[in-house]
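A quick write-up on the structure given underneath.
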Amino acid sequence: AERVRVGVRGNWYDVTTFLKYHPGGQEVLLEWQDRDATEAFVKYHDEEQVLAKRKPVGTYKWDPSSGPAKASSKPAPSPNMSNPVIGWAASRIALLGAVIGVCYFVWLRSRDTLIVSAFGVAAFGNLWQAGFFEVLPSGDKGQLRRVAFPQPEGTAAMPSSTRDVALPGPKDEEDEEYNTDTHHYLTRLHEEHGDSICIIRGGVNVVFVRGKEEVRQVCFGEDFMKTWGADAASGQTCVDYVMNLIQPMLKGTVFNLHGEENFKRRGALRPLLRSAGIFVSSFSESIAKYVDEWGEGKVDIQSLSHDLIRYSLMEVVAGGLIDMVDWGPFHEAMDHFVLRGAPACHDRNVNPQDAHHMQKLFETCMPLVTEFRERLNDSTTTPTVEHSLLYCLTKEGITDDEMACTMVNLIVAAGEAPASALAQTLEEIANNREVEEKLLAEIEEAASGPELDYKSLNYSEACVTEGLRLFAPATMVQRVATVDTSLSGARIPRGTVVGVCVHSVHHNAADWPEPDKFNPDRPELHYANHPMLLSFGKGLRGCPGKHLAVAICKIALARVVQMFELRPVPGQKPSGECAKVRKFVEWSVDGIPVMAKRRWTPKA
């Protein structure tokens, strides 16, 4: 049978057996068969992680400056099977390899884990998590049920009143301080005790790491998997509590389904997640239109940034329909959850009022799903529509209920986090004339009438990336050890929860000189490739929408600076010194006030 090979940086890789596992479908790999796929590959994969264990089957001449290469070289030569000695040995080796492979697969399944180590996908399958949720048939709109999901023995962390992990940390449990200062508290512990620490929470050992090797091991290693530890707080409601978002999420979507169900939906969304460039023009148009409606004087740049991101996300969700959205329930829900999360040590359990607000968001989005389906039947689609969230889910045969839930979750998750970083970056620019002048010079060169040359906004992207570092919007990555393993030389028992506090990593002077300073000129400042930039997480469970988020923030930053001069409000304390939501987020309870003065208006 014909083998399928794909080229990356001058090496051919055989992906024949991986075709059926590729999240974006086998047609993506077939599109690059016998071609250089370097540019596409590095954009969506962690190169070192994916290729480290894969052996090339041949080489070809590759010049980074010459564009995609053709298949000009032959693969590595196969053994001479006509030689009886070589043929006999090769056949026995192949048989032995097959037996070992089957045994290895059975062993993996016995751990209730499916690992597919090829071209960027691993550790999908039946996770150890105790359960997941699914939408009931359409007659019970918006109601969700729990589906049994077995938990292997020995996975859950066992309560202990003593430190069972040989790592330094505070002597006693400090639950109140942990729930009051969250990531700032963990950063102080790292500064006091080192890069790998252990604390006791609820009688359970919890490990936190911030060193480069340990972070990589936790995020990429096969000994750790993502843990969803929100069941207790979520209860039997229609929503999931999320520690690094202000608002919870509706259950039963790609955001919180596990194993094969998650794998299938992530694959269906691949056309959306790899198509940031298709949305650039519509992002620019919708952002310019919205920013043009801003007033002058004292404004809340946090609230404005949040609405700006939400509006842009409707292009991602449906390729439009912005004017049909009733944003009132979204504002009401956000206000409710900000106040819920403001007090120190607030009750994290989802209550009926929380569920009521999320149910209203679901009811707001259901008519939009119906309208989208009707428009698909009545008109010719555009490229943005054909790459939108609802279009991808429609092709996959997802129900209207689940599509509405997914729409809510996308607007919640992809709205809050970028808006938080964007608002604080704009606040920084309001106080930093030097950065503002560099941005204006770049924007003036990139502007052609009302249009912006997106690809030339390199300094704007650097400002966005530095903002994501300094003001990381979601400040915790959490995993669980699936086997007995070790970190920093200390034994980590199976079931131990291991956290990476993003704030601690981003404010570590060992990796970021002058970490508290906003400096867009830092070398090698790239949101996807820098090993210690964790704003979107790392590894297979990192945020797959990072390219879309950066594209929106990059255009938004350029448009706001182009159209408005921002200055600090006299006497106003910086947002970093004001009240924050007491979760693993960076969100100011009372907004971020700045003074805005119009400097340019786009022509109609």
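For this structure, a couple of remarks:
- Contact map, the stretch 427-454: first residue of a type in the set (D, E, K, R), second residue part of a helix (DSSP H, G or I) and open to solvent by 80 Å² or more (accessible area, probe 1.4 Å), Cβ cut-off under 8 Å, separation 6 or more or different chains; pairs are GLU442/ASN458.
- Among the candidates PHE224, PHE220, residue that is open to solvent by less than 30 Å² (accessible area, probe 1.4 Å), among the aromatic types (Phe, Trp, Tyr) and modelled with pLDDT of 80 or more: PHE224
- Residue in the stretch 561-604 that is surrounded by the most Cβ atoms within 10 Å (Cβ to Cβ), counting only those that are among the aliphatic types (A, V, I, L, M) and under 26 Å from LEU534 (Cβ atoms): ILE592
- Among the candidates ASP307, ASP292, ASP300, the residue that is under 27 Å from THR394 (Cα atoms) and of a type in the set (D, E, K, R) is uniquely ASP307.
- Inter-residue pairs, beta-carbon under 9 Å, first under 12 Å from TRP327 (Cα atoms) and touching a residue at least 24 places away in the same chain (Cβ under 8 Å) and in the stretch 353-368, second surrounded by 17 or more Cβ atoms within 10 Å (Cβ to Cβ) and of a type in the set (Phe, Trp, Tyr), 6+ apart: LEU361/PHE330; THR364/PHE330
- The stretch 489-504 residues that are closer than 30 Å to GLU586 by Cα, paired with ones that are among the hydroxyl-bearing types (Ser, Thr, Tyr) and open to solvent by less than 10 Å² (accessible area, probe 1.4 Å) (beta carbon under 8 Å, 6 or more apart): GLY495/THR155; CYS501/THR475; VAL502/THR475; HIS503/THR475
- Candidate set from the stretch 429-461 (those that are of a type in the set (A, V, I, L, M, F, W, C) and open to solvent by 20 Å² or more (accessible area, probe 1.4 Å)); member that is farthest from VAL502 (Cα to Cα): ALA447
- Only a single criterion out of (1) in a helix (DSSP H, G or I); (2) of a type outside the set (A, V, I, L, M, F, W, C); (3) within 26 Å of GLY415 (Cβ to Cβ) is not satisfied by GLU437, namely (3).
- Any chance GLY297 is in contact with a Phe, Trp or Tyr (Cβ under 6 Å, 6 or more places away or on another chain) and either surrounded by fewer than 19 Cβ atoms within 10 Å (Cβ to Cβ) or not charged (D, E, K, R) (or both): no
- Residue match in the stretch 572-584 (condition: more than 25 Å from the chain's Cα centre (by Cα) and touching a residue at least 24 places away in the same chain (Cβ under 8 Å)): yes
- Scanning the stretch 182-217 for residues that are more than 10 Å from SER504 (Cα to Cα), β-branched (Val, Ile, Thr) and not in a helix (DSSP H, G or I) returns ILE197, ILE199, ILE200, VAL204, VAL206, VAL207.
The values are calculated or read from the model by the stated rules, or taken from the named source; none is laboratory data. These numbers come from a predicted model, not from an experiment. Don't worry about glycine lacking a Cβ; one is built from the backbone with ideal geometry, like all the others, and counts go over all protein chains shown. All accessible areas refer to the heavy atoms of the entire protein, side chains included, with ligands and DNA or RNA removed. Shrake-Rupley method; radii C 1.70, N 1.55, O 1.52, S 1.80 Å.
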